[in-house]
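Data block below; observations after.
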Amino acid sequence: MNAPSGDTSPISPTWISRSVRGRYGGYRLAPGYRMPPLMLTDDEAVAVLLGLLTSRSTTAAHAADSATAKLRRVLPQRLTARLDALMNTAEFTTDPRPAVAVETAVLLTIAEATREHRPVAIGYTDRNGQRSARTVHPYGLVAHSGRWYLTGLDSNSADLRQFRLDRITEVTILSETFAPPIEFEPTTHLLSALATAPYQHEASIRVQGNLTQVRPLLPATIATVHEISTPPDTAPWVRVLIRAEQLDWIPPVLAGLDRPFIIEHPDALNDAVRALGRRLTAAATSDPKPTVVGVGGPSRRGSDHIR
């Protein structure tokens, strides 16, 4: 055991008593002393690394990079190589913190295959509970809205597809290699695919403004924005297409645009917008404690939450 940094004097009983703890041996450093080597499991190392990677977009990148380098130096070579694969292949959208649990072995194995351009054989369970065995050419890993996604060429359909990693039950790296598409952008493809996936409702809304003005107001995962022809010397309009399982969240989004809009279809969306307008009108009352009707009946609340 070494004395504090910079102290060349012999280790004194006082220093030992301040540092050694535990009924059955071992030690704990007092504040201000050097940290012993890290002992992390694979799951713990991935958790720490993901925190550092995601913090690069929200904190000082230099500090995150420095901490990442220190972490790599104290980890076993076996784990360092796999974490390097994850660092080189993972991408993050604006909501970078994955919330759905993914097996560490699945994440690291797919990251390794993505970096080395090798196919993977996976067992996959879709949203309907149907299980299948597939071979995928992994093009990229993306963390988005609390989930990890694998984008790659699916051998079963010969199409470019997205797979949720929490639905992958097993994965094996195959021996052959492949050439990924040139300049392929996994994040861009994923966001576009999520925005155009089939849903129960397809809404079409005309919004006053041009593409530059309207597109930043709508997340790419929920809407696509298209130019439409307008008569000369008139204000420009665009067409917004939204796919959704439910319509109740769309009216607040449209209200937040703060721009004139016209709902083309479905009629149910018009009804939902009118219902929101009635709730907002009722909320704009002189009563400082308005009555809010919830699932359990009328109640008094300090603030209203529109759902």
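The values are calculated or read from the model by the stated rules, or taken from the named source; none is laboratory data. Please read all numbers here as calculations on a predicted model, not as lab measurements. Every residue, glycine as well, gets a Cβ built from its backbone with ideal geometry; the counts of neighbours run over all protein chains shown. Note: accessible area is taken over every heavy atom of the protein model, side chains too, but ligands, DNA and RNA are not part of it. Shrake-Rupley method; radii C 1.70, N 1.55, O 1.52, S 1.80 Å.
Placing dummy labels 7 Å off each Cα toward the beta-carbon, the span from residue 184 to residue 284 is 5.1 nm. Annotation: amide H of residue 169 within the under-5 Å range of 123, 124, 125, sequence separation 5 or more or interchain, hydrogens built in the peptide plane.
What FRET efficiency comes out for the pair residue 262/residue 192, r = Cβ-Cβ distance, R0 = 35 Å, nearest 0.05? Could you put the intermediate results ahead of the total?
Working: r = 25 Å, r/R0 = 0.72.
That gives a FRET efficiency of 0.90.
Entry comment: accessible area of the range 169-262 is 59 Å² per residue, from protein heavy atoms only and a probe of 1.4 Å.
Tell me, in nm to one decimal, what length is gained between residue 172 and residue 87 on full extension, where the rule is 0.36 nm per residue of separation less the Cα-Cα distance? Intermediate results must be reported in sequence, preceding the final value.
Details: separation 85, 0.36 × 85 = 30.60 nm, distance 2.00 nm.
Additional length available on full extension: 28.6 nm.
If I stretch the segment between residue 62 and residue 224 completely, what's the gain in nm (0.36 nm per residue apart, minus their alpha carbon distance), one decimal? Working shown, then result.
Details: separation 162, 0.36 × 162 = 58.32 nm, distance 3.55 nm.
Contour length minus Cα-Cα distance gives 54.8 nm.
Rounded to the nearest 0.05, what FRET efficiency do residue 275 and residue 206 have when you use their Cβ-Cβ distance and R0 = 25 Å?
The pair residue 275/residue 206 has a calculated efficiency of 0.75.
For the Cα trace of the range 103-256, dividing Rg by the Kirkwood Rh returns an Rg/Rh value of 1.07.
Work out how much length residue 39 to residue 69 would gain on full extension: take 0.36 nm times their residue separation and subtract the Cα-Cα distance, in nm to one decimal.
Numbers: separation 30, 0.36 × 30 = 10.80 nm, distance 1.59 nm.
Taking 0.36 nm per residue and subtracting the Cα distance, the gain is 9.2 nm.
If one puts a single equal scatterer on every Cα of the range 182-287 and applies the Debye formula without solvent, what log₁₀ I(q)/I(0) results at q = 0.15, 0.16, 0.17 Å⁻¹? For the range 182-287, the Cα-only Debye profile gives -0.70, -0.77, -0.85.
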